[in-house]
1. Taking the radius of gyration and the Kirkwood hydrodynamic radius from Cα positions alone, what is the Rg/Rh ratio for the chain, to two decimal places?
2. Would you compute, from DSSP H runs of 4+ residues alone, the mean residue ellipticity of the chain at 222 nm, taking -39500 (n - 2.57) per run and dividing by the full residue count, rounded to the nearest 500?
3. Given H placed 1.01 Å from N in the peptide plane, which residues other than close sequence neighbours of LYS2 have an amide H under 5 Å from its amide H?
4. Say each of HIS114 and GLU238 gets a label point 7 Å from the Cα, pointing the same way as Cα to Cβ; how far apart are those two points in nm?
5. Can you list the residues, at least 5 places off or on another chain, whose amide H is less than 5 Å from the amide H of PHE172, using H built in the peptide plane?
6. Taking θ = phi - 60°, what integer Hz values does the Karplus form 6.51 cos²θ - 1.76 cosθ + 1.60 yield along segment 235-244, in sequence order, with x for Gly and Pro?
7. Report ³J(HN,Hα) in whole Hz for each residue of segment 107-118, in order, from the Karplus equation J = 6.51 cos²θ - 1.76 cosθ + 1.60 where θ = phi - 60°; Gly and Pro get x.
8. At a 10 Å Cβ-Cβ cut-off, how would you order TYR38, TYR12, fewest neighbours first?
Amino acid sequence: MKLSVFSVQDHYPSQKRTLEELYAEVVRQADLAERLGYDTFFVAEHHFHEYGTVPNPAILLSHLAARTTRLRLGTAISILTFHNPLTIAENYSMVDVLSNGRLTLGVGSGYLKHEFAGYGVDAATKRDRFDEHLDLVMRLLHGERVTHHGPYIDLDSVSINVFPIQQDLPVFVAILRKEAAYQLGRQSRRMLFVPYASVEDFEAIGEMMGEFRRGREEAGLSDHRNAVALAMHTHVAETDAEARKIAAEAFDRYVATRLYAKSAVYDDIIESGLALFGSPKTIAEKLLRLRDMGVDHVLTLHNFGLLPEPQVHRSMRMLMREVKTMLDLPPPAKAL
């Protein structure tokens with residue numbers, strides 16, 4: 001199972017931590033992720049509100065590319081609906097080149113009302129816009145000279161002049177509903193989702209995975225490896241009780257101050273099972289259950305709700321040094 005780090009860059013301007021300090025924390029988190037052996041460092045794109053403070057992930061990822069050598073760099077997500085496909089294809093081709101082929105591109109249609117209002121985009125058109133933009137981005141990344149006259153974009157014999165190093169650049173499409181998982185599988189796409197925002201409880205993750213596999217199998221695909229990534233809030237501590245003591249207030253702050261988020265507190269997320277909070281044993285058992293469901297890539301969100309940086313780094317270390325060790329152990333032999 002691949003373990004990665006995900007940062008939303010949630011900001012709280014009325015609190016003591018400045019935006020400059022937040023950016024510095026995110027950079028140090030990526031540095032630590034490289035040293036600890038995490039697979040990828042993912043960042044989110046958000047606009048016009050402190051919900052998230054990276055409006056252009058390509059800029060931050062380019063900065064991180066210059067500081068790292070092994071760590072893959074990803075978007076979770078780039079909002080295709082708001083940008084010209086040429087801009088997306090050019091920006092992220094540059095990131096892949098500058099990182100020597102370490103980009104993973106997560107894309108989505110967006111869902112925050114204030115972002116659609118800010119860009120003057122009718123949210124009712126987002127699915128059609130996204131589909132048109134994604135098709136064009138993929139064609140441009142593969143070196144095609146594109147002529148296209150669609151409902152939202154017109155291109156007349158245009159080709160970008162910077163191409164990604166990776167011939168099969170990993171592109172994951174973010175979804176929010178189980179019904180979309182089947183359709184994504186039918187399209188032979190890779191899937192990215194946040195269970196907290198997509199399903200009601202832990203077991204429903206397996207249902208979502210089943211729908212995705214059903215779609216892929218109908219499309220003639222039998223190998224589902226490296227096709228799914230999911231993201232979960234994470235805090236690893238010595239015991240479940242210690243995790244609650246450290247992370248509960250930060251998680252409650254994150255949810256309370258996030259626009260349009262589900263109304264939930266730490267106890268709710270523990271009951272639903274849609275987070276990785278607890279001791280190494282608790283989290284290892286949950287990751288093994290995810291692996292049994294077919295999940296082979298988990299994005300762990302350690303930095304949320306003004307959680308102090310030493311606690312964030314400690315959680316990151318414990319996940320890789322203690323939890324991952326448990327994941328790598330062979331299963332116990334069956335009794336004769």
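Coordinate-derived values only; no laboratory data. Values in this document were obtained by computation on a predicted structure and should not be read as measured data. FYI the Cβ positions are ideal-geometry reconstructions off the backbone, even for glycines, and counts take in every protein chain you see.
1. 0.96
2. Rounded to the nearest 500, the figure is -13500 deg cm²/dmol.
3. Answer set, sorted by chain and number: HIS297, VAL298.
4. Once both label points are built, they end up 4.0 nm from each other.
5. Sorted by chain and number, the residues that satisfy this are LEU105, GLY106, VAL107.
6. 8, 9, 9, 5, 9, 4, 5, 5, 4, 4
7. 3J(HN,Hα) across segment 107-118, in whole Hz: 10, x, 9, x, 8, 8, 4, 5, 6, 5, 5, x.
8. Final ranking by Cβ density, sparse to dense: TYR12, TYR38.
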